[in-house]
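Written out below as structure tokens is the structure these notes cover.
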Amino acid sequence: MTTKGEFYQRDREWQPPALTPDYKTSVARSPQYSLISLQNSVSEITGPVFGHNDIDPIDNDLILNYAKPGESPIGERIIVHGRVLDENGRPIPNTLVEAWQANAGGRYRHKKDTYLAPIDPNFGGCGRTVTDENGYYIFRTIKPGAYPWRNWVNNWRPAHIHMSIFGTAFTQRLITQCYFEGDPLIDKCPIVKTIPCQQGRDSLVAALDLNATIPLDTIAYKFDIVLRGRRSTVFENRLEGN
Amino acid sequence: MVQKLDYLKETPSQTAGPYVHIGLAPGAAGFDIYRQELGWDITGPNAKGERIRVEGLVIDGTGSPVKDVLLEAWQANSEGNYAHPEGGGDVEDGFRGWGRVITDFETGEWAFETVKPGRTQGRNVGLQAPHINLWVVARGINVGLNTRLYFEDEAEANAEDPVLNIIEWERRRATLIAKRSERDGQIVYRFDIKLQGQDETVFFDI
Ligand SMILES: [Fe+3]
């Protein structure tokens, strides 16, 4: 009989390091000592459980969830969909996926965002959903615009949607950003370039998915998310007491 | 050449950015969108145990408070059980043990209310000291930082804690111990997180 064991360690050569000087804010916010590596205990292999009661069906529809009745936000109507998988390729069902983004003009509905592009009265810019039994999620939204940010004088963020994912264990907790195929700003972005290798950067670029579009209505992009996988242990060395 | 291992790679992390509140705490960003926000109630109404408040600052390498942080807390109930199928045992009805809090935009102070967790099972033998697992994200943090809050008044349990004990530098262990005080009849634990520099908080690769 096999039991579930620990999670695979995070590949720190694949993930961005803490200190990435071209992304200037990281300089004073990056720990200088090494992280202390912990083998998993019950505190790490567990994590919050969410249910469909926690959210409403409209929460994943950013075109409707903040719009006045009969109105909708301005911009390119898109679907962003995909699966949440683990490193073993198994779907992760019933996990919470949260998303937030700028509007079509590149402006966030946030009191700290002072970019001159206008707020869209019909666009909130956040959504959330729980994956289905196959690990599948879908959002309907407006394609976000690029926006400038203070790093070097002339930095522009590529269009992106921020995503937060839980998995089943606190050790899988992840925040990332979804970019869009064909955007020339991706290769110029110091935040994208915190990821050490090109293959890793490419894995954050959602592919145009014409098969999933709704013809004459909404275009689609596919964005799969991979969380850390877990060992199955047949022999000794398993977690005790969990 | 050898056979290919067909594992997938974990999705690379990216900073939560300055506007993390929009997605994870929209009320704080200044607008109301959901029927209910998640993570504001860690314990639910039925939790047993000592009611506590936990508060602090997140401080950067220049000594300045970081004002755009989001923290998540993950903890056991007062009996040491997590609200999870592998969490060790039952929890009170409505106890989730997970919370989310943001720093004040002006001061950088954060705080949440909860119950003091009990001791939990260690990885192999023995028990862990009571602790709250914390996860810190913000602009400028490329991969969320994991740390643990332990309690000053649990000296005996702390001395036996397997995680505190693997920190080779004994004086760095103190960065994980929250200071207890009482204010207006409420138990308050202070836990400042230093991202960098002198007395940098211990962060874990979990
Ligand atoms: Fe952004």
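Observations on the structure shown:
- Hey, A:K111 basic (K, R), out of contact with any Leu (no Cβ under 7 Å at 6 or more places or on another chain) and modelled with pLDDT under 95 or not: yes
- For the range B:154-172, the condition holds for no residue, the condition being that it is facing chain A (nearest Cβ under 7 Å), under 13 Å from the mean Cα position of the chain (by Cα), crowded, with 19+ Cβ neighbours inside 10 Å and at negative phi.
- The one condition in (1) over 27 Å from B:D104 (Cα atoms); (2) in a loop (DSSP other than H, G, I, E, B) that A:P121 fails to fulfil: (1)
- Yes/no for A:A220 being in a strand (DSSP E or B), among the hydrophobic types (A, V, I, L, M, F, W, C) and touching a residue at least 60 places away in the same chain (Cβ under 8 Å): yes
- Hits in the range B:57-88 - residues which are on the phi > 0 side of the Ramachandran plot and more than 7 Å from chain A (Cβ to nearest Cβ): B:G63, B:G80
- Residue in the range A:164-178 that is at pLDDT 95 or above, within 13 Å of the ligand (Cβ to nearest atom) and more than 8 Å from chain B (Cβ to nearest Cβ) present: yes
- Residue check: A:P184 meets all listed conditions (1) within 13 Å of another protein chain (Cβ to nearest Cβ); (2) out of contact with any Leu (no Cβ under 6 Å at 6 or more places or on another chain); (3) away from the ligand (no atom under 14 Å from the Cβ) but one, namely (1).
- Applying the set (1) touching a Lys or Arg at 6+ places or on another chain (Cβ under 7 Å); (2) closer than 30 Å to A:K4 by Cβ; (3) part of a strand (DSSP E or B) to A:A206 leaves exactly one unmet item: (2).
- First in the range A:107-135 and free of Cβ contacts under 8 Å to residues at least 12 places away in the same chain, second anywhere and within 16 Å of the ligand (Cβ to nearest atom) and part of a loop (DSSP other than H, G, I, E, B), Cβ under 6 Å, 6 or more apart: A:H110/B:Y19
- Single residue of the range A:61-102 satisfying the filter (within 11 Å of chain B (Cβ to nearest Cβ) and within 16 Å of the ligand (Cβ to nearest atom)) that is nearest to A:P148 (Cα to Cα): A:A102
- Among (1) at pLDDT below 95; (2) not in a loop (DSSP other than H, G, I, E, B) - the single one B:E113 does not satisfy: (1)
- Taking the listed residues A:R128, A:R109, the one that is more than 16 Å from the ligand (Cβ to nearest atom), surrounded by 20 or more Cβ atoms within 10 Å (Cβ to Cβ), charged (D, E, K, R) and not in a helix (DSSP H, G or I) is A:R128, with no other qualifying.
- When A:P148, A:P121, A:P144, A:P158 are checked against the criterion of being within 16 Å of the ligand (Cβ to nearest atom) and surrounded by fewer than 17 Cβ atoms within 10 Å (Cβ to Cβ), A:P148 stands alone in meeting it.
The values are calculated or read from the model by the stated rules, or taken from the named source; none is laboratory data. These numbers were taken from a predicted model, which means no experiment stands behind them. In this analysis, Cβ positions are derived from the backbone assuming ideal geometry, glycine residues included, and neighbour counts consider all displayed protein chains.
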